[in-house]
Amino acid sequence: MRDPLPGAVGVSKLCVYDTATPDGLPGGTPHLHLCCTEAYVVIGGTGEVQTLSGQDGFAEHELRPGTVLWFTPGTIHRLVNHGGLEIIVLMANTGLPEAGDAVLTFPLDVVRDPERYAEAVSLPDGGAPGTDITTAYRRRDLAVRGFHELRDGGKLDEFYEAAVRLKQPLLGDWRERWEQGAREAAERTGRQIAALIDNDPAHLRESRVSTKPVPDEVGRLGMCGLLNTYRYD
């Protein structure tokens, strides 16, 4: 694609996992994002998202077709599938989620140990379509266990601190991706406004259309379910 999506967001279609987790609820892997706001547009089925955030604590939010829900970085979120739950997912800062912006809610002793975390989070072939789905279920179930410990044990701040330490080696790359993506998109709008103030329509003459007729991947093993993904490079 020649141009990023509006605001340099990323978009994917998510079919939420429907197998039971250790507490009996079917659904996805609890996790948070360190820099990226995430939004859901529900297009099919029903369910809920359980959240644990610094301001609101634990909460449950109903999801049904037509629901739009979004949350800021630091919000731990866990999707629960009551039947056929399908979502269009919008992610801020395209490129950052793919570069490791998420931290799964494994027990604290795992998150505090980079080697153990890397082993627990990894999937064969990176979770490419066709990968054994039970590997995604295993890491999900470990994260559900850690989620309950955070929800019931009042150790959210400790988890935040461990998550930040875990991702320190990646922050330089994240900054570069942000500068080339979301920051550049915002600054481009600033340049366009400045041009309009000067009665200069030059950027309008460069207007064009981009399209992705089909996903680049279908059925990638994501944290919350099977993903149909699109690349924007």
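The values are calculated or read from the model by the stated rules, or taken from the named source; none is laboratory data. The shown structure was predicted, so the numbers you read here are calculated from the model rather than taken from an experiment. Using ideal geometry, Cβ is built from the backbone for each residue, glycine included, and neighbour counts are taken over all protein chains shown.
Here is a yes/no grid of residues against (1) in a loop (DSSP other than H, G, I, E, B); (2) in contact (Cβ under 8 Å) with a residue 24 or more places away in the chain:
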{"position": "87", "(1), (2)": "no, yes"}
{"position": "115", "(1), (2)": "no, no"}
{"position": "120", "(1), (2)": "no, no"}
{"position": "125", "(1), (2)": "no, no"}
{"position": "130", "(1), (2)": "yes, yes"}
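On inspection, residue 90 does not qualify as surrounded by 22 or more Cβ atoms within 10 Å (Cβ to Cβ) and either within 24 Å of residue 8 (Cα to Cα) or of a type in the set (Phe, Trp, Tyr) (or both).
Being at pLDDT 95 or above, within 30 Å of residue 116 (Cβ to Cβ) and surrounded by 11 or more Cβ atoms within 10 Å (Cβ to Cβ) holds for only one residue in 187, 176, and it is 176.
Residues that are within 30 Å of residue 24 (Cβ to Cβ) and surrounded by fewer than 18 Cβ atoms within 10 Å (Cβ to Cβ) within region 157-173 comprise 157, 158, 160, listed in sequence order. Of the residues making up region 194-233, just one is within 13 Å of residue 14 (Cβ to Cβ), assigned to a loop (DSSP other than H, G, I, E, B) and aliphatic (A, V, I, L, M), namely 223. Residues in region 132-156 that are within 15 Å of residue 30 (Cα to Cα) and free of Cβ contacts under 8 Å to residues at least 60 places away in the same chain were compared, and the one that is surrounded by the most Cβ atoms within 10 Å (Cβ to Cβ) is 142. When we screen 112, 78, 116 for residues that are out of contact with any strand residue (DSSP E or B) (no Cβ under 9 Å at 6 or more places or on another chain), charged (D, E, K, R), at negative phi and crowded, with 16+ Cβ neighbours inside 10 Å, the only hit is 112.
Do you know which residues across region 181-210 are of a type in the set (S, T, N, Q) and without any contact (Cβ under 8 Å) to a residue 12 or more places away in the chain? Result: 189, 192, 199, 207.
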